[in-house]
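Below you'll find the structure, written out as structure tokens, and then a few comments.
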Amino acid sequence: MDRNVDRRIKLRDLHVFQAAAETGSMAKAAAHLSITQPAVSYAISELEHAVGAPLLDRSSQGVTPTVYGRALLERSAIVFNELRHGISEIASLADPEVGELRIGTTPPMSAVASAVFNRLVPRYPRMRFELTVGPTEVLLRLLRQRDVEIVISRLASMAGNDDLTVETLFQDELVVLCSKRSKWSRRRNVSLADLVHEPWVFPPPTGFLTGIMRSAFEEQGLEFPRATVTTACTYSLSVLVGNGNFLGIHPRAMLTTPNEHPQLTAVDVRLPTTRGAIGLIALKDRSLSPVAKLFAQSVAPVVEDIKPKRASRAAPGHTIRKS
């Protein structure tokens, strides 16, 4: 392929190509972009000529990306995300109190992000934040695609993630959740064996937390309890456990925001082997925007307020590069 291909690719053509691929139709892309259909066809033809490969399969039913088109779509999404990142950074440099930050967090760690928002917004009311909540593997993919700039998550393993940098925030462990009205909320020195035959709400069997909890039972020679209800939804978990006789599992950090889950408490059963580091994750070779730097600097005092009391201070981790 021509080494000068980057000089011939126009952002406008990439944008038109994205619209056609997403809508599956030249006509729909034209309507979406408020241009003519011949202009859409011409832009995509120019782009195909520049890269030297067909990007769309055309049929009477519409258009679909080829294998070359899918590869370009993935990379072009990064290009436009980086461009938006640059524009936002310019705005922040011109006015430090203005900026936008996209953050990814797992459901229990959304409490950390929310606490930082509450700290920053009164001081910087024109800042904007977009919070994406999901499992760690999804968030790391979004991070690499530049759809989010920072991720807050439990750090299972950083093996194979040499492109990422991590700042450890604190250590958290799993707890067994019950309703404050449950008999288990009043008992002390409970063992896992006491809870095996209770009704449980578990995340999906392939979920990260389920695997950790399964190991905790097996290490004590116990059979893993049968899930009465399976859900990945934190809200459903809190409702089922808080209003009934169900038990559930969740990181202890969930209980550091009692106003969000007023009916929940932890059963007095120790799960020391479930402890793990919670960290702030970013791309190693991507400089943080001014808003992201400010967010990162504001996490430490927030963590001191919401850090689980039984969790020990984390050992120093790698520091996110802020240059």
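Please give the number of the condition SER298 fails out of (1) open to solvent by 20 Å² or more (accessible area, probe 1.4 Å); (2) touching a residue at least 60 places away in the same chain (Cβ under 8 Å). With respect to (1) open to solvent by 20 Å² or more (accessible area, probe 1.4 Å); (2) touching a residue at least 60 places away in the same chain (Cβ under 8 Å), SER298 is out only on (1). Annotation: of all residues in segment 118-155 being farther than 15 Å from LEU280 by Cβ, of a type in the set (A, V, I, L, M) and not in a helix (DSSP H, G or I), the one that is most open to solvent (accessible area, probe 1.4 Å) is VAL133.
Could you list, in sequence order, the residues of segment 225-278 that are under 16 Å from VAL196 (Cβ atoms) and open to solvent by less than 60 Å² (accessible area, probe 1.4 Å)? Within segment 225-278, PRO225, ALA227, PHE246, LEU247, GLY248, ILE249, VAL267, VAL269, LEU271 qualify.
Among the residues of segment 49-80, write down those that are open to solvent by less than 30 Å² (accessible area, probe 1.4 Å), in contact with a strand residue (DSSP E or B) (Cβ under 9 Å, 6 or more places away or on another chain) and part of a helix (DSSP H, G or I). Listed by number, the list holds a single entry, GLY69. The set of residues in segment 261-289 that are assigned to a loop (DSSP other than H, G, I, E, B) and under 23 Å from ARG186 (Cβ atoms) comprises HIS261, PRO262, GLN263, VAL267, ASP268, VAL269, ARG270, LEU271. Do we find a residue being farther than 29 Å from GLN297 by Cβ and in contact with a helix residue (DSSP H, G or I) (Cβ under 7 Å, 6 or more places away or on another chain) anywhere in segment 184-197? Taking every residue of segment 184-197 in turn, at least one turns out to be farther than 29 Å from GLN297 by Cβ and in contact with a helix residue (DSSP H, G or I) (Cβ under 7 Å, 6 or more places away or on another chain). Here LEU222 clears all of (1) under 22 Å from ILE278 (Cβ atoms); (2) open to solvent by less than 60 Å² (accessible area, probe 1.4 Å); (3) free of Cβ contacts under 8 Å to residues at least 40 places away in the same chain except the condition numbered (1). Could you tell me whether any residue of segment 184-198 is at negative phi, of a type in the set (Lys, Arg) and modelled with pLDDT under 90? No: segment 184-198 contains no residue that is at negative phi, of a type in the set (Lys, Arg) and modelled with pLDDT under 90. For the criterion of being under 15 Å from THR234 (Cβ atoms) and more than 8 Å from the chain's Cα centre (by Cα), ALA111 passes.
The values are calculated or read from the model by the stated rules, or taken from the named source; none is laboratory data. If you're wondering where the values come from, they're calculated on a predicted model, not measured in any experiment. Methodologically, a virtual Cβ is constructed for each residue, glycine included, from the backbone with ideal geometry; neighbour enumeration extends over all protein chains shown. Ligands, DNA and RNA are stripped out before the accessible areas are found, and what is left, the full protein with its side chains, is counted by its heavy atoms. Shrake-Rupley method; radii C 1.70, N 1.55, O 1.52, S 1.80 Å.
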